[in-house]
1. Taking interchain pairs and intrachain pairs at least six residues apart, which have beta carbon atoms under 6 angstrom, with the first residue in segment 20-42 and closer than 18 Å to Leu107 by Cβ and the second loosely packed, with under 10 Cβ neighbours inside 10 Å?
2. Quick check: anything in segment 54-74 among the charged types (D, E, K, R) and modelled with pLDDT under 85?
Amino acid sequence: MNCLLKKPWHIRLTYTLETFIFFIPFLMAGLISGILTVPILSYISEISQIDFTRPPNVVWNQFLNFFLTFLALAFVICIISWIIGNAIAGVCVKCAPDSIEKDEVSLGESFNFTVCKLPSLLTATLITGILTGEVYLP
């Protein structure tokens, strides 16, 4: 009887800890992506520095320079976020079978494995996105 009472708590604690192991990589990815958006937000605030009382061709040139720089910055940040998101998903996919088979999960080992496979993972993600019509970057 005593053994039956202890087992469910052990199982609940084990599942809670395993869920927390999957939470850590996504938390880190969210923090990194949030930090990467800071330059975009600070750059958007600089649009107010354009003097709209000047001649239209000068204003248009300033706005065009601002917009092209904004697009380039946003593109680079989206690519970096896409790579980080795929790497984190790969780490979690690698950790899941390890937690079932080995009862021991190593985020570092899973990260190293995912980094080695990252080019093929990104290619597969891009092809899947094209085939399903979801060609967007987070």
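The values are calculated or read from the model by the stated rules, or taken from the named source; none is laboratory data. What you are looking at is a predicted structure, and each value in this text was computed from that prediction instead of being measured. Here the Cβ positions follow ideal geometry from the backbone for every residue, glycine too, while neighbour counts run over all protein chains shown.
1. Listed by first residue and then by second, the contacts come to nothing, as the list is empty.
2. Within segment 54-74, not a single residue is among the charged types (D, E, K, R) and modelled with pLDDT under 85.
Residues are listed down the side, and each one gets a yes or a no for (1) within 17 Å of Phe26 (Cβ to Cβ); (2) among the basic types (Lys, Arg); (3) within 13 Å of the chain's Cα centre (by Cα):
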{"position": "Leu68", "(1), (2), (3)": "no, no, no"}
{"position": "Asn86", "(1), (2), (3)": "yes, no, yes"}
{"position": "Glu101", "(1), (2), (3)": "no, no, no"}
{"position": "Thr114", "(1), (2), (3)": "yes, no, no"}
{"position": "Ile130", "(1), (2), (3)": "no, no, no"}
